[in-house]
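Engineer: The structure's right below; bear with me while I get my questions together.
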Amino acid sequence: MSLREFANKRPALTAVLCTAAQFALTILILKAGKAYVPADAYGKVKLLAFASTILLPLLLTHLFGMWREVRLGFSELKPSPFYLACFVPVLMFASMGVHAREGSSIGSDLAIQLFNAFGEELLFRGVIFVILLRLPQWQAILLNGVLFGSMHMIHGYMDGDWMHAFMWSFMATGAGMMFTAARYHVNNLWLLVGLHMILNLSSMYSNVEHLAGADVNTMVEHAVKVVEYGLGLYVMVKGARAVVPAKAGTHAEVA
């Protein structure tokens, strides 16, 4: 049985295994670095771990034979109304303007966020999205979001604060659901990479905390999560209502 045949028969399990593989590979690189690399060179280990979040999704895309299905070409770069609605969180973070971060380079921030968004979107809204197309749309959005959120538990290992990592995962799940819902409405993965990157940057550069204080910033962050979960749930409910029970095996198609 080929990997693609296995994925077609057991899409949920395959999606979990792909996520677990990326999680395990990143942890393995970090643990090996702590054990065998001098402390002053540990930054290079983190860079290698970061690179794995791009290289493994590229490898999985090849192994599953999904180069065309993940939609990495530069055609059909047409945003849908729902996709544009997913920029509401960006507007919320940027509502009081933006500012450059102290001690950081805008160029390096742009590069890091581009590669970060590319790797995560290729894995979750590329490979895993295609795998989960065999599930009902609402199940695929929920599972994709939860798996995306679970990857952020890695910060518990890196920072030693598992409670904070759990909260981070919960918040990332909402973004993952929104990104997946948006993926059902566009035919090009680069649009999701752009959305993901811009959302991250708007949060990093937001003036809300700088001008209004930590309490207001927390309120905005919570409001953003409500919007992200709400947009994801909207498409989940809409997709569930569109299912025709009599047609077993029917699944949502990419818009």
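The values are calculated or read from the model by the stated rules, or taken from the named source; none is laboratory data. Bear in mind the structure is a predicted one, so any value in this text is a computation, not a measurement. Virtual Cβ from ideal backbone geometry, glycine too; neighbours counted across all protein chains shown.
Engineer: Could you identify the single residue in Leu147, Leu135, Leu195, Leu191 that is surrounded by fewer than 23 Cβ atoms within 10 Å (Cβ to Cβ), of a type in the set (A, V, I, L, M), in contact with a helix residue (DSSP H, G or I) (Cβ under 8 Å, 6 or more places away or on another chain) and modelled with pLDDT of 95 or more?
Structural biologist: Sole residue among the options that is surrounded by fewer than 23 Cβ atoms within 10 Å (Cβ to Cβ), of a type in the set (A, V, I, L, M), in contact with a helix residue (DSSP H, G or I) (Cβ under 8 Å, 6 or more places away or on another chain) and modelled with pLDDT of 95 or more: Leu135.
Engineer: Looking at Pro57, is it under 21 Å from Leu133 (Cβ atoms) and under 16 Å from the mean Cα position of the chain (by Cα)?
Structural biologist: yes
Engineer: A further question on this structure: Starting from residues that are touching a Ser or Thr at 6+ places or on another chain (Cβ under 9 Å) and of a type in the set (Val, Ile, Thr), keep the ones in the range 85-129 and report whichever is surrounded by the most Cβ atoms within 10 Å (Cβ to Cβ).
Structural biologist: The extreme case among them is Ile128.
Engineer: Could you grab me the full set of residues in the range 82-113 that are farther than 19 Å from Ala223 by Cβ, of a type in the set (S, T, N, Q) and part of a loop (DSSP other than H, G, I, E, B)?
Structural biologist: Hits for the range 82-113 are Ser104, Ser105.
Engineer: Can you go through Leu48, Leu25, Leu58 and tell me which one is within 26 Å of Ala182 (Cβ to Cβ) and either among the small types (Gly, Ala, Ser) or touching a residue at least 12 places away in the same chain (Cβ under 8 Å) (or both)?
Structural biologist: The conditions single out Leu58.
Engineer: Here's something else I'd like to know. For Val254, state whether it is within 24 Å of Leu132 (Cα to Cα), among the hydrophobic types (A, V, I, L, M, F, W, C) and either at pLDDT 85 or above or in contact with a Ser or Thr (Cβ under 9 Å, 6 or more places away or on another chain) (or both).
Structural biologist: no
Engineer: Still on this structure: For residues that are within 21 Å of Met171 (Cβ to Cβ) and of a type in the set (D, E, K, R), scanning just the range 92-147, find the one that is farthest from the chain's Cα centre (by Cα).
Structural biologist: Arg101
Engineer: Quick one: in the range 58-84, which of the residues that are among the aromatic types (Phe, Trp, Tyr) and under 25 Å from Val227 (Cβ atoms) is surrounded by the fewest Cβ atoms within 10 Å (Cβ to Cβ)?
Structural biologist: If we take residues in the range 58-84 being among the aromatic types (Phe, Trp, Tyr) and under 25 Å from Val227 (Cβ atoms), then Phe82 is surrounded by the fewest Cβ atoms within 10 Å (Cβ to Cβ).
Engineer: Would it be correct to say that Leu84 is modelled with pLDDT of 95 or more and touching a helix residue (DSSP H, G or I) at 6+ places or on another chain (Cβ under 9 Å)?
Structural biologist: Against the criterion (modelled with pLDDT of 95 or more and touching a helix residue (DSSP H, G or I) at 6+ places or on another chain (Cβ under 9 Å)), Leu84 does not qualify.
Engineer: May I ask you to verify whether Val146 is assigned to a helix (DSSP H, G or I) and of a type in the set (Val, Ile, Thr)?
Structural biologist: yes
Engineer: I've got another one for you. Might you let me know whether the range 239-251 holds any residue that is touching a Leu at 6+ places or on another chain (Cβ under 9 Å), modelled with pLDDT of 95 or more and under 30 Å from Glu76 (Cβ atoms)?
Structural biologist: no
Engineer: Would you point out which residue out of Ser169, Ser202 is in a helix (DSSP H, G or I), free of Cβ contacts under 8 Å to residues at least 24 places away in the same chain and surrounded by 17 or more Cβ atoms within 10 Å (Cβ to Cβ)?
Structural biologist: The conditions single out Ser169.
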